[in-house]
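The values are calculated or read from the model by the stated rules, or taken from the named source; none is laboratory data. Not measured: the values here are computed from a predicted model. Cβ: placed from backbone, ideal geometry, glycine included. Neighbour counts: every protein chain shown.
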C-alpha cells in the first residue's frame, strides 16, 4: 500500500461510526438494520466526496497563483 487517504475518506472509519451510532440508538430502543447501516455509510461517503469536491473548487477559485508552467 503506497497510497494514502485521509480518515474522512475511509469507508471503514464511517462504518465504525455508523456501528457505534447504531449501538447508541439501540440504547434508546431504536433499531438500525444492517441494510440501513450500509446505506448510511454510502450516504456519508457521498457527502464527504461532494464536500471535498466543493472545497477543491473553492480553493482553485480563490488561489492567487496560476496552475502549471515552468518554474
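Scanning the range 1-14 for residues that are loosely packed, with under 11 Cβ neighbours inside 10 Å and either out of contact with any helix residue (DSSP H, G or I) (no Cβ under 7 Å at 6 or more places or on another chain) or not in a helix (DSSP H, G or I) (or both), which turns out modelled with the lowest pLDDT?
Taking the range 1-14 and keeping what is loosely packed, with under 11 Cβ neighbours inside 10 Å, we get 1-7, 12.
Subsequent filtering for residues that are either out of contact with any helix residue (DSSP H, G or I) (no Cβ under 7 Å at 6 or more places or on another chain) or not in a helix (DSSP H, G or I) (or both) retains 1-6, 12.
On the way: 1: 57, 2: 68, 3: 77, 4: 79, 5: 76, 6: 78, 12: 83.
If we take residues in the range 1-14 being loosely packed, with under 11 Cβ neighbours inside 10 Å and either out of contact with any helix residue (DSSP H, G or I) (no Cβ under 7 Å at 6 or more places or on another chain) or not in a helix (DSSP H, G or I) (or both), then 1 is modelled with the lowest pLDDT.
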Inset, instruction - Scan 56, 37 and give me the residue that is modelled with pLDDT of 85 or more and surrounded by 13 or more Cβ atoms within 10 Å (Cβ to Cβ). - result: 37
Inset, instruction - Quick one: residue 17 ticks every box in (1) part of a loop (DSSP other than H, G, I, E, B); (2) on the phi < 0 side of the Ramachandran plot except a single one, so which number is it? - result: (1)
